[in-house]
Every structure is written in C-alpha cells, then in structure tokens.
Amino acid sequence: MPLIPVLQDKRVVLGVSGSIAAYKAVALASALTQAGALVDVAMTHEATELVRPLSFQAITHRPVAVDMFHLLAETEIGHVSLGLNADAIVVAPATAHTLAKLALGLADDMIATTVLASRAPVLVAPAMDANMYQHPTVAEHLEVLRQRGCAILEPGYGHLASGLVGRGRLAEPETILEAVRAVLGRRGDLAGWQVVVTAGGTQEPIDPVRFVSNRSSGKMGFALAEAARDRGAHVILIAANVALPDPYGVEVRRVRTAQEMAEQVLEAVPGADALLMAAAVADYRPEQPAEHKLKKRSEELALRLVPTTDILASTARAGFTALRVGFAAESEHLLEHARAKLEQKGLDLIVANDVTLPGSGFGADDNKVTILGRDGLERDLPLLPKLQVAYAVLDQVRRLRGGAPDVGSFDRLRSFDRLRMSGGRGDAETYSSPPDFGRPT
Ligand code: CTP
C-alpha cells in the first residue's frame, strides 16, 4: 500500500474491544501503519482473550495499552497521554458494552479513558449480535455519540457469530481506513469546499447491447475524489461506467453517456469551488442508436458519428466560479497539445499524461503527469501512485485559490519519503511536525 498523505505521521489510536471481530482490527492496524500512521493500540481485557496484544505490537512496532495503571505504561504512554496526543481515535470493533461506556463517560478501561481524555475526532465501528444492535439502548447510545460529533460506521449485514443473519458485522478494514481518512479531513485544508470530480469513460450506444467507448478505468478520478475528501471537501463524484465501489464519504452519481455526464456536471458545478474533469468523455456518439440489436449481415456496416457536447468548454460561463481543471491524455506532442487545450477551453490547470508510457495512464495504478497552469506553471512529476498525483493536483488548485497547501500535501510527502529512504526521522530542515489546525474545545 502506498503512503496516504492525510495519514502520514498522524497519531491514530485504535481501540479494540472484545468482539469476535477483533481479528479484523489486526488488518486495520496493518493498513494504517503501511499508509504512514503511527498507530497506538488500546485494548480491553476482553479483547486480549480474542487477539493477543503481541499481534498488534508486532505490526505497529509500538507498545499496546491494556492496563490503566501499569508502571511501564505510566512512564511511556500514560493512561491519558494516548488521548491527548491523538490526531484521531477509532474504536473498531466497538461492542455494545464499550459504546455504553463511551456514551455515559465511564472511564474504567484504556479505550474509555483515552476517548474521555482526548479532544481528537472519534470514529466508532460497532460490531455485535443483530438483536443487540437493534436494541433501543444501543440505538440511544449511538445517537448520543452522534450528537457529540462522533462518526459512526454502520455495521454490515450478513452472517454473525451468534448464527443469526442480520446487521452487526464489523465494517471491512478498508472501509474503516477510508472513514479514518474522512474524519481526519475535518481539519484539512479543503474543509468547507465543494469539489466536483468526473471519472471513467462514457459509453455511447450503438444498439441495446453495443457501444462506443474508451479504456478509462476511472482510477484517476476516484483518487482525486478520495484526496479531496481526505482534505475536508464535500465531493460530488460523477462516474461513468467505473467498476470501483463508491468511496466512503463521497457523493457518487453514476452516469453512462456524455450527455448524462454533461447534465450532472452542469447541475453540480454552480456553487462549486473546483471542477476536476478526469473523465474520458467521448467526442462522438452514434447519430441514431438502433432500437433493437443489429443483426449480422454480409455487407459493410457504416456507423455515422456526431459530436457530443464539450462539457469542460460549456462550463466556461459567467457566473460559474469553480476553478476548472482538465486532463489531457496524449500519445504524441504531450505538452504542446495540453497547452492548446488549456488555452482553448479557458482552463486554470491541465494535467497532461502520455498514455503510451508503460505502467502509467489508462487502467494503471500509477501515473506520470505534468501539471500546466494558465499562470505559466509547469510541474513535471515522477511516476507516482494515482492518489499521490491527486494530492499534487489539489496542491495546485489550492494555490490558485489563494491558499498554501499544508496538511497532507504532496510536498510534505516527498520530504517524508526522502527521510524514510535515508533512514532518518526528525531532520528539522526537511521534516516538521504537522501544522496544528486547532483542537475543538
Ligand atoms: N472533455 C469534455 N467534454 C468532451 C471531451 C473532453 O469535458 N466532450 C474534457 C475531458 O474530460 C478532459 C479535457 O476535456 O478533461 C480534454 O479531453 P481530451 O479528450 O484530451 O480532449 P479533446 O478536447 O477531446 O481533444 P482531442 O480528443 O482531439 O485530443
């Protein structure tokens, strides 16, 4: 897993209470650590009956807190210092018992004490038997927590340890990881922004079963949506024929054709701060899609194509204040063609990528791009995971909107990478602690 800028160097406390789903928390601890977070695990005694603390310690390389008044714990982490230093707390799995303690403010174990002593945002991921989850007491406790600003990750529906089938399964570790990112984003540099992102490739019907399309996977657009969410933006993601699941905390609108995408963009863009058009929109569509499936014949078949609306160009209207970013996928004369599109479509930024490079572009997990700006910016980036490219693009969007990119920005990631490679930490020249966005009181 690549480093995820919003998680990099963040102190995340993972509270593990005694549900049979505690084993999934090991995968979560691993994913958070790989993504760059410093993970401190706090367990209830019941949880240690299900998973040994050593499993977590081996993965996080940090001591696991179980006993509140353990001598070592008092000197090294302390029973309240975990909460004080946390950037986010995630309780996964959260049993009915732990939820009750959190709602009532009891402080008789490491998880409850840490939450009480902290002002960091809290995410809880409940896991329990379906009947317990439906009990009004649990619902009331969850409501109390919700009203206090705690994020709740609904459990899933399925087979439960009790033998019942119902709602109560702990959310999957990947989903919990995304929810932690969204919770951290509340203090991000795009908090309060509305960002519209398009992704995927449109399909233009020939008949009910055939269409004209392209090889776009939607990965770049989804990465942009996730990065903007990580930094606090409300994101509307307009996705054309993308096989990826909806990213957590993002408003997703699925479309098929260029026309449907144009309608959704024009509806979403007024009031937005930025429009990021990563979708590969068909330039032409069959003029007259056949009502019934075309039958095979021996003679040639000519397909008459007519132009579609240029969505980006049609958003260059007075009254639309969104900063507009285009993407230029080219197979030759990359920068020349990209600059021409920047000009013709009146864009603020264009992200140029050479689709012929191996390991980059359509369908790949990585991308090699150059970001060009109408202000003369030319930023050539190395081959990077698409999520990191997305952060770098948002840094430029933020800069043009008159703010310095800060928390979790791509530039901080690069200095962190350099330090990791040289094996050092804490070099004051190139590495500083994350800026403080102020703690809610
Ligand atoms: N775009 C759009 N509407 C279209 C076609 C493209 O909004 N009908 C957007 C794309 O989402 C992208 C940018 O315009 O952000 C450039 O797309 P691209 O296909 O590279 O450019 P075209 O203008 O279609 O030019 P060409 O296909 O000739 O390279």
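Restricted to helices (runs of 4 or more DSSP H) entirely inside region 88-162, those with at least 1 residues that are touching a residue at least 40 places away in the same chain (Cβ under 8 Å) and assigned by TED's automatic domain parsing to the domain that holds Pro173 are 96-104, 110-117, 136-147.
Scanning region 237-259 for residues that are surrounded by fewer than 23 Cβ atoms within 10 Å (Cβ to Cβ), within 22 Å of Arg401 (Cβ to Cβ) and of a type in the set (A, V, I, L, M, F, W, C) yields one hit, Val250. Does region 3-23 contain any residue that is buried (at least 24 other Cβ atoms within 10 Å of the Cβ), touching a strand residue (DSSP E or B) at 6+ places or on another chain (Cβ under 8 Å), assigned to a helix (DSSP H, G or I) and at pLDDT 95 or above? Within region 3-23 (the criterion being buried (at least 24 other Cβ atoms within 10 Å of the Cβ), touching a strand residue (DSSP E or B) at 6+ places or on another chain (Cβ under 8 Å), assigned to a helix (DSSP H, G or I) and at pLDDT 95 or above), the answer is yes, since at least one residue qualifies. Return yes when Glu178 is open to solvent by 60 Å² or more (accessible area, probe 1.4 Å), acidic (Asp, Glu) and not assigned by TED's automatic domain parsing to the domain that holds Phe320 and no when it is not. For Glu178, the condition - open to solvent by 60 Å² or more (accessible area, probe 1.4 Å), acidic (Asp, Glu) and not assigned by TED's automatic domain parsing to the domain that holds Phe320 - is not met.
When you scan region 353-367, do you find a residue that is buried (at least 21 other Cβ atoms within 10 Å of the Cβ) and within 13 Å of the ligand (Cβ to nearest atom), even just one? Yes, there is a match, as at least one residue in region 353-367 is buried (at least 21 other Cβ atoms within 10 Å of the Cβ) and within 13 Å of the ligand (Cβ to nearest atom). Restricting attention to region 325-344, the residues that are near the ligand (Cβ under 9 Å from one of its atoms), at pLDDT 95 or above and charged (D, E, K, R) add up to 1.
When region 260-284 is filtered for residues that are closer than 16 Å to Arg317 by Cβ and open to solvent by 60 Å² or more (accessible area, probe 1.4 Å), the ones remaining, listed by number, are Glu263, Glu267, Pro270, Gly271.
The values are calculated or read from the model by the stated rules, or taken from the named source; none is laboratory data. Note that the structure is a prediction, hence the values are computed from the model and not measured. Using ideal geometry, Cβ is built from the backbone for each residue, glycine included, and neighbour counts are taken over all protein chains shown. Note: accessible area is taken over every heavy atom of the protein model, side chains too, but ligands, DNA and RNA are not part of it. Shrake-Rupley method; radii C 1.70, N 1.55, O 1.52, S 1.80 Å.
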